[in-house]
Amino acid sequence: MREPTMVVGADSNAAAAGGADGSPLPPPMSSPPQAVVERLKDYGQEHVFGLWDELSPDERLHLVKDIQSLDLSRIDRIIRCSLRSQGLPVAAIEPVPESCVSSVEERTMEERERWWKMGLKAISEGKLAVLLLSGGQGTRLGSSDPKGCFNIGLPSGKSLFQLQAERILCVQRLAAQAKNEGSVTIHWYVMTSPFTDDATRKFFESHKYFGLEADQVTFFQQGTQPCISKDGRYIMETPFKNILGGVKVLKQFYLVAKSPDGNGGVYTALKSSRLLEDMAARGIKYVDCYGVDNALVRVADPTFLGYFIDKGVAAAAKVVKKAYPQEKVGVFVRRGKGGPLTVVEYSELDSSLASAVNQQTGRLRFCWSNVCLHMFTLDFLSQVADDLEKDGIYHLAEKKVPSIHGYTMGLKLEQFVFDAFPYAPSTALFEVLREEEFAPVKNANGSNYDTPDSARLLVLRLHTRWVVAAGGFLTHSVPLYATGVEVSPLCSYTGENLESICRGRTFHAPCEIAF
């Protein structure tokens, strides 16, 4: 959300001068359209015209257009359902049954190889799509760019977007080799937000889609929701507008404050943009869904896909063991006796439950951490979009919101991607090793955790282990693993096929190993 403005004096002659594109604007309005006023009254939002007499003709026009762009009845239902749900009791939680989890220690080499082959076969048949959640900016990283543009400081200088694109290229090659004929294409659906869409598209274009074909990447935007006060009334703001190309002329408009509707907005966005139909037309059956800020994400993982197909479930998630009771991660739980699997955020988990230990396994009773690595059937995605829309319940996040009075405490309406799981008829969890698949990039360097530095170190340590296992040697002037080597995703996906490149060779760290 942009900074609130000071009053800078809107151009009252703008209506006469015409619109930004040179087209004539409608005649000035002395009062708000009566039909719009009546609709706002129906939903208790008539205060949005409270400063009408103080607005210029141009400001009045933009305010009316802003209100007319809103689906007032839908927003009203969401606000009422979401506020009402906050006071309702929730069912008690139970640990996830062991039968729902494939843990690392239980998996055999034969199972892994079988799932790998099953996954590659489905990919070679065009049945898998990849869905990237990348609506966020790198604000906490000190950048206003989309988070996927961020360079965590690897020897290659590659951005998160590039690392993920090259992993897709690698899986395509592996699937084509397994098929032993032709080429394989994995379609990549990239969800942006109104704040990152243009910059994301331009970044992909300027980097020639990182080696992918332009027509195998589809961008679409998540939605926004009004920011509201605790009694459900829209918060109004006056964001700056740059209206004259290279000349910095700042202009005030009086509008409803809005924010992105959370990464769970992906379900509504897929439906409204008709991309679920697009997927079906392409023959896609399975969708690999993940967040952009994981430097070790195994995009289009054949093993995970093979496991998912083998289990025959509607939804699945990769999980890691919770590192310690107070770790700030959501965990999968069963909601109610025999109820569905869902995610409980760390802030909602009672400290005694968070610390409880399963005496049989020695693990925390609630130990399976959600790391935003999901797999869905296309049929389930089509169903859950309708279910979530019907229920209309959003999470209410109390945050500072820019308003006409400066920053004020308000509520942002958000859905989370894991909100889909309670609607799944069947769900399976697939444990992965944190040090192999989870390197989050959330906070600026200098923070205590999840920084570009910590993510870079995790990548270099993993790739160093790959190189050593493949018979390579490292030289470095600092302690082992303080730096390391980076293996290009174009060389290897999980450390395979490195012997011919590494055996008997010495690499001076830090460096990138590439074709």
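Here the range 239-390 is described by how far its Cα atoms reach on the three principal axes: 68, 42, 34 Å, from widest to narrowest. Normalised by residue count, the range 121-280 yields a Cα convex hull volume of 159 Å³ per residue. Candidates A420, L433, N445 compared by Cα position along the dipole of the range 382-475: farthest toward the positive end lies N445, with charges placed on Cβ.
Each residue, D42 and E98, gets one label point 7 Å from its Cα in the Cβ direction; the gap between the two is 5.7 nm.
Between M409 and E389, the contour length at 0.36 nm per residue exceeds the Cα-Cα span by 4.5 nm.
Principal-axis analysis of the Cα atoms of the chain puts helix 109-124 at an angle of about 50° to the longest axis. Averaged over its residues, the chain has an accessible area of 45 Å² per residue, based on protein heavy atoms and a 1.4 Å probe.
Shape of the range 163-213 from the C-alpha gyration tensor: prolate (a/c of 1.5 or more and a/b above b/c, with a ≥ b ≥ c the square roots of its eigenvalues). In the calculated pair-distance distribution of the range 451-514, the portion above 20 angstrom amounts to 18 percent of the Cα-Cα pairs.
Among the protein heavy atoms of the chain, carbon and sulfur supply 51% of the accessible surface, probe 1.4 Å, non-protein parts ignored. Hey, what number do you get for the chain at 222 nm if only DSSP H runs of n ≥ 4 count, each worth -39500 (n - 2.57), divided across all residues, to the nearest 500? The helix contribution divided over the chain gives -9000 deg cm²/dmol.
Dividing the mean sequence gap of close Cα pairs (under 8 Å, 6+ apart) by how many residues the chain holds gives a relative contact order of 19 percent.
Taking all protein chains together and rolling a 1.4 Å probe, H47 ends up with roughly 40 Å² accessible.
How much FRET efficiency would the formula 1/(1 + (r/R0)^6) give for A444 and A178, where r is the Cβ-Cβ distance and R0 is 35 Å, rounded to 0.05? Result of the calculation: an efficiency of 0.25. Neighbours of L411, meaning other residues whose beta-carbon lies under 14 angstrom from its beta-carbon, give a summed charge of +4 when Lys and Arg score +1 and Asp and Glu score -1.
Its Cα centre serving as origin, the range 451-514 has a Cβ charge dipole (Lys and Arg +1, Asp and Glu -1) of approximately 140 debye.
Taking a ≥ b ≥ c as the square roots of the eigenvalues of the alpha-carbon gyration tensor, the chain is classed prolate because a/c is 1.5 or more and a/b outweighs b/c.
Solvent-accessible area of Y493, all protein chains in place: 10 Å² (probe radius 1.4 Å, heavy atoms, ligands and nucleic acids excluded). When both bridge partners sit in the chain, DSSP labels roughly 60% of those beta bridges antiparallel.
Among residues other than R365 with Cβ under 13 Å from its Cβ, the summed charge is +1 (Lys and Arg +1, Asp and Glu -1). Residue ranges 457-468, 381-392, 353-364 sort as 457-468, 381-392, 353-364 when ordered by packing (mean number of other C-beta atoms within 10 Å per residue, highest first).
The values are calculated or read from the model by the stated rules, or taken from the named source; none is laboratory data. If you're wondering where the values come from, they're calculated on a predicted model, not measured in any experiment. Glycine gets a Cβ as well: all are built from the backbone with ideal geometry, and neighbour counts include every protein chain shown. Keep in mind that these areas ignore ligands, DNA and RNA; they rest on the heavy atoms of the full protein, side chains included. Shrake-Rupley method; radii C 1.70, N 1.55, O 1.52, S 1.80 Å.
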